[in-house]
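Here is the structure we will look at, set down as structure tokens.
The values are calculated or read from the model by the stated rules, or taken from the named source; none is laboratory data. What you are looking at is a predicted structure, and each value in this text was computed from that prediction instead of being measured. When we count neighbours, we look across all protein chains shown, and the Cβ atoms used for this are built from the backbone with ideal geometry, even at glycine. Each accessible area value is taken on the protein alone, full model and side chains, heavy atoms only, with ligands, DNA and RNA left out. Shrake-Rupley method; radii C 1.70, N 1.55, O 1.52, S 1.80 Å.
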Amino acid sequence: MSSMYLRLFIRRAVNTRLYLDRVEDRCDMERSGPPIPVVLFDRLGSSTSCGVHSGNCAYQISLIIKFSMLCHPGLLISLRKFVMSAVSKPEVIFVLGGPGAGKGTQCTNIVNKYGYVHLSAGELLREEQLKPGSKYGELIQGHMVNGTIVPVQITCSLLAQAMEKSGSNRFLIDGFPRNTNNLDGWNEAMSDKVNFLGVLFFDCSEQVCINRCLLRGASGSGRSDDNEETLKKRFQTYQNSTIPIIKHYEAQGLAYKIDANKAADQVFEDVQKVLARLQH
Ligand SMILES: Nc1ncnc2c1ncn2[C@@H]1O[C@H](COP(=O)(O)OP(=O)(O)O)[C@@H](O)[C@H]1O
Ligand SMILES: Nc1ccn([C@@H]2O[C@H](COP(=O)(O)OP(=O)(O)O)[C@@H](O)[C@H]2O)c(=O)n1
């Protein structure tokens, strides 16, 4: 398939998902859980029709794809998978815990074994801060040095952009939502668009967290906030603002607590047990 056709297809499929989101918002169908899209391909002359059934609603969407593109059986399967991922809501797991609890380390393990895409809110903010000409650079830097939380409009739009860009439909969102502002902003902008599975909560003592961050700083993390003074503030923010968010999810039975004081490979054993539960 030529790359021009592939690009056209991807754009159509993404537009299809956005279109569905909009139609679904207006449609007063019964919402008895997340819609399960069923995608069927019909070969109709030179175009392909793709029907998406969602609850009581059925939409007929025509994708302008050359019939010849679909002749190869392997290609047909890949295209079908692609459309399935484009119309179904992406899976999201939040990853929370104190600074240095090992969130990033465990996310790397999960990515390697399960193929999620890892999006670290802190990392996205650091990248934005370093972008030449970013209008948010100074604001982000100020929050990082003070260990406080950047307004959600900035963080949430960075996350949404990264999700869209990745082309994946399974995400670990690390270090978010960290306060009520994060939570409210996410719920307003994103909660309808994703299939939220739950929160991995890495529970780790303050002293262990601080020691790990200091060690991370000393071994050249290059992070301006891995110093004793900022760490104290980060931990205060964690206790005052993030713990209530974890409690909020715990109250709904959606937070999975993991003892993160243990060695990294033991922590990962526990992570795998939680993921086995989350994915079924
Ligand atoms: N279970 C663990 N035991 C010891 N050191 C760890 C463990 N998990 C992570 N680390 C180390 O601690 C530091 C902080 O871990 P990181 O994953 O970056 O934490 P976070 O993303 O929560 O800030 C890193 O230097 C990492 O190598
Ligand atoms: N949702 C978020 C996540 C991070 N941040 C900022 O980014 C800093 C670093 O966050 P991080 O997740 O990379 O690091 P840890 O504190 O978890 O080690 C935080 O102290 C906040 O200043 C934020 O403002 N909002």
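Looking only at residues in segment 187-213 that are within 15 Å of ligand 2 (Cβ to nearest atom) and farther than 25 Å from Arg223 by Cα, the one that is surrounded by the fewest Cβ atoms within 10 Å (Cβ to Cβ) is Asn187. Between Val111, Val117, the distinction of being among the aliphatic types (A, V, I, L, M), in contact with a Ser or Thr (Cβ under 6 Å, 6 or more places away or on another chain) and either assigned by TED's automatic domain parsing to the domain that holds Lys233 or at pLDDT 95 or above (or both) belongs to Val117 only. Name every residue in segment 102-161 that is among the hydroxyl-bearing types (Ser, Thr, Tyr) and over 19 Å from Asp265 (Cα atoms), in order of residue number. Within segment 102-161, Ser120, Ser134, Tyr136, Thr148, Thr155, Ser157 qualify. For segment 148-186, a residue qualifies if it is under 14 Å from the mean Cα position of the chain (by Cα) and surrounded by fewer than 14 Cβ atoms within 10 Å (Cβ to Cβ), and the qualifying residues are Gln161, Glu164, Lys165, Gly167.
On inspection, Lys247 does not qualify as surrounded by fewer than 17 Cβ atoms within 10 Å (Cβ to Cβ) and in a strand (DSSP E or B). Out of Lys165, Lys233, report the one residue that is assigned to a helix (DSSP H, G or I), on the phi < 0 side of the Ramachandran plot and away from ligand 1 (no atom under 16 Å from the Cβ). Matching residue, one of Lys165, Lys233: Lys165.
Within segment 88-109, the residues that satisfy the criterion of being among the aliphatic types (A, V, I, L, M) and within 13 Å of the chain's Cα centre (by Cα) are Val92, Ile93, Val95, Leu96. In the set Gly217, Gly253, only one residue is within 16 Å of ligand 2 (Cβ to nearest atom) and either over 19 Å from Asn109 (Cα atoms) or β-branched (Val, Ile, Thr) (or both); that residue is Gly217.
For every residue, the table says whether it meets (1) closer than 26 Å to Tyr114 by Cα; (2) outside the structural domain of Gln266 (by TED's automatic domain parsing); (3) among the polar types (S, T, N, Q); (4) more than 9 Å from ligand 1 (Cβ to nearest atom).
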position	(1), (2), (3), (4)
Phe171	yes, no, no, yes
Phe176	yes, no, no, yes
Ser191	yes, no, yes, yes
Phe196	yes, no, no, yes
Val199	yes, no, no, yes
Phe202	yes, no, no, no
Glu206	no, no, no, yes
Gly220	no, no, no, yes
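For segment 119-136, state whether one or more residues are away from ligand 1 (no atom under 16 Å from the Cβ), without any contact (Cβ under 8 Å) to a residue 24 or more places away in the chain, of a type in the set (Asp, Glu) and open to solvent by 10 Å² or more (accessible area, probe 1.4 Å). No.
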